[in-house]
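K.L.:
Handing you a structure now.
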Amino acid sequence: MGHNATLLSATLGQEGLIRKALLVLGGTIFIALAARTSVPMVPVPMTLGTLAILMVGLSYGSRLGAITVLAYLAQGAAGLPVFAPTTIMGPLAFVGPTAGFLVGYVAMAWAAGFAVERGLAKGFIGMALTAIAISALLYVPGIAWPMGVASPSGVEAGWVGQGFGYYWTYFISNFVIGDSVKAVIAALIVTGGWAVLARR
């Protein structure tokens with residue numbers, strides 16, 4: 001399979017190092033603002049962090065997308081208020097209940113970019129289905145951490161080592177609809193960007 005252009009490379013061409021650094025910084029600010037934006041939804045409000053991460057991955061490509069999310073996580077680890085308001089700030093976030101999701105964000109951005117680069121996310125339908133699948137895969141590291149990794153790592157809390165039903169109730173079921181909606185919106189915005197570019 002060939003290597004397809006991303007929205008970023010089609011718009012800016014081959015970026016230099018300084019431009020890439022600015023794009024990473026801009027991407028981290030975009031993700032942080034989205035993560036701290038709450039939208040009313042049933043049964044729980046949703047933040048827009050994963051929407052931004054999908055958009056960064058789909059637009060930046062696998063490598064730059066993953067690097068941008070790593071930089072975002074580094075900002076959070078340093079104590080900057082970049083995570084969702086319900087997430088612990090600073091290095092403790094990486095041993096808290098959502099640590100698996102935080103680490104999974106890197107894979108999410110990489111996978112979204114990889115799908116575009118390999119031509120697996122073409123057009124709105126292809127991109128939306130890809131984004132929904134990648135969003136669903138985020139639950140794997142999201143619940144693997146509290147279910148099986150946190151306890152051997154020495155973390156003791158009420159959310160550690162519970163059965164799958166517990167994680168389905170508190171970590172997955174309330175967020176499936178919102179995550180699907182965000183995946184479709186991300187695909188809509190990025191394919192809209194391609195459509196605008198095609199008219200130029």
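K.L.:
Computed on alpha carbon atoms, what radius of gyration and Dmax characterise segment 7-199, expressed in Å?
P.N.:
According to the Cα coordinates of segment 7-199, Rg and Dmax are 16.6, 56 Å.
K.L.:
Give me Met46, Met89, Met55 ranked fewest to most by other Cβ atoms within 10 Å of their Cβ, as a rough exposure proxy.
P.N.:
Met89, Met46, Met55
K.L.:
How would Glu156, Glu117 line up from fewest to most surrounding beta-carbon atoms within 10 angstrom?
P.N.:
Listing Glu156, Glu117 from fewest to most nearby Cβ atoms yields Glu156, Glu117.
K.L.:
Once the Cα atoms of helix 62-77 and of the chain are each reduced to a long axis, what angle between those two axes, in degrees from 0 to 90 to the nearest 10, is obtained?
P.N.:
So the inclination is approximately 40 degrees.
K.L.:
With 10 angstrom as the radius, rank Leu92, Leu58 by how many other C-beta atoms surround their C-beta, starting from the fewest.
P.N.:
Least to most surrounded, the residues fall as Leu92, Leu58.
K.L.:
Further, regarding this structure: Please list, ordered by chain and number, the residues whose modelled amide H lies under 5 Å from the amide H of Thr47; skip anything fewer than 5 residues away on the same chain.
P.N.:
Val39
Every number in this text was worked out from the coordinates using simple rules, so none of it is lab data. Predicted model only: the values in this text are computed from it and were never measured. Cβ: placed from backbone, ideal geometry, glycine included. Neighbour counts: every protein chain shown.
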